[in-house]
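One structure is given below, encoded as structure tokens.
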Amino acid sequence: MNIFLRLLALTPLPLLYVYGDILHFFTFRVFRWRVEVARRNLAAAFPEKPEGERESILRQNYRNLARTLMEAIWGSRASGEELMRRVAFENPEVIEKYKAAQQSVVLLTAHTCNWEWLLLAAGARFGIPIDAVYKTLRLQVVDAFTRDMRSRFGGNPIPFENFVFELLKRAGQARAYGLLADQTPVKRMPKYWTKFLNQDTAFFLGPERIARYLDAPVLYVE
């Protein structure tokens, strides 16, 4: 699997988009992977939208997810110049100010657009180590491939279960901590509940706790 992914990464990006569209067809049309769950969530989130519009959003979401996966694979071997041509930072002075002051920052974002390119391009653009917290993937070989990819340009992927230890070990260093904290918190963790898209939704408390511990500013990456 690892060899297959590395060979796939050598494919030109336009052709990878074609592969992504084929993957979209099978996941959405053939295997119907979590389609009914997604359809129910869209109905709860956007009850005011006509059913036809929600179906269009559903199809676009699956197509976007497949293409984002292909972009991530391509990003595992792309140069920093290629990535920075595709990822623009509109206000880099915000990061550079804290970098010059040797101040750690918490970079908070979500699984929107292409989060893999964001990590790689930020490392290439700013030249700072970025500790990116992530959930270990079930397939060990895919997890290893993803970890290697995220380690490029100074990235440091840290499994969620090891993060507290790694945080303590690096407490005196000026670093950036990248958190994509929009996944479901595990049951045993304290969490913050609120209404999000018309549904009761739990959010991680980790970003606030990390920022308080480090006395670090939190920058939301849109």
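Here are the numbers:
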{"quantity": "Filtered residues of region 139-160 (kept if open to solvent by 30 Å² or more (accessible area, probe 1.4 Å), in contact with a helix residue (DSSP H, G or I) (Cβ under 6 Å, 6 or more places away or on another chain) and of a type in the set (G, A, S))", "calculated": "G154"}
{"quantity": "Residues within region 23-44 that are out of contact with any Lys or Arg (no Cβ under 7 Å at 6 or more places or on another chain), over 28 Å from W117 (Cα atoms) and open to solvent by less than 50 Å² (accessible area, probe 1.4 Å), tallied", "calculated": "1"}
{"quantity": "Test: residue in region 88-101 that is exposed (fewer than 13 other Cβ atoms within 10 Å of the Cβ), free of Cβ contacts under 8 Å to residues at least 12 places away in the same chain and over 27 Å from A174 (Cα atoms)", "calculated": "no"}
{"quantity": "The one condition in (1) of a type in the set (A, V, I, L, M); (2) surrounded by 15 or more Cβ atoms within 10 Å (Cβ to Cβ); (3) within 24 Å of M149 (Cβ to Cβ); (4) without any contact (Cβ under 8 Å) to a residue 24 or more places away in the chain that V18 fails to fulfil", "calculated": "(2)"}
{"quantity": "The lone exception for L58 - which of (1) open to solvent by 50 Å² or more (accessible area, probe 1.4 Å); (2) among the aliphatic types (A, V, I, L, M); (3) farther than 18 Å from R152 by Cα it fails", "calculated": "(1)"}
{"quantity": "Selected residue (criterion: farthest from the chain's Cα centre (by Cα)) from residues of region 61-101 that are in a loop (DSSP other than H, G, I, E, B), closer than 16 Å to F153 by Cα and among the small types (G, A, S)", "calculated": "S79"}
{"quantity": "Members of region 104-156 that are outside any helix (DSSP H, G or I) and among the charged types (D, E, K, R)", "calculated": "D131, K135, R138"}
{"quantity": "Number of positions in region 161-189 that are closer than 30 Å to N41 by Cα, open to solvent by 70 Å² or more (accessible area, probe 1.4 Å) and without any contact (Cβ under 8 Å) to a residue 60 or more places away in the chain", "calculated": "4"}
{"quantity": "Residue selected from region 61-87 under the condition of a type in the set (S, T, N, Q) and open to solvent by 30 Å² or more (accessible area, probe 1.4 Å), by the criterion farthest from S151 (Cα to Cα)", "calculated": "N61"}
{"quantity": "Any hit, region 199-212, residues being over 27 Å from K97 (Cβ atoms) and touching a helix residue (DSSP H, G or I) at 6+ places or on another chain (Cβ under 9 Å)", "calculated": "yes"}
{"quantity": "Hits in region 157-174 - residues which are in a helix (DSSP H, G or I) and either in contact with a Phe, Trp or Tyr (Cβ under 6 Å, 6 or more places away or on another chain) or within 25 Å of R138 (Cα to Cα) (or both)", "calculated": "F160, E161, N162, F163, V164, F165, E166, L167"}
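The values are calculated or read from the model by the stated rules, or taken from the named source; none is laboratory data. Bear in mind that the values here come from a model prediction, so they are computed numbers and not experimental data. Virtual Cβ from ideal backbone geometry, glycine too; neighbours counted across all protein chains shown. For accessibility, only protein heavy atoms count, side chains too; no ligands or nucleic acids. Shrake-Rupley method; radii C 1.70, N 1.55, O 1.52, S 1.80 Å.
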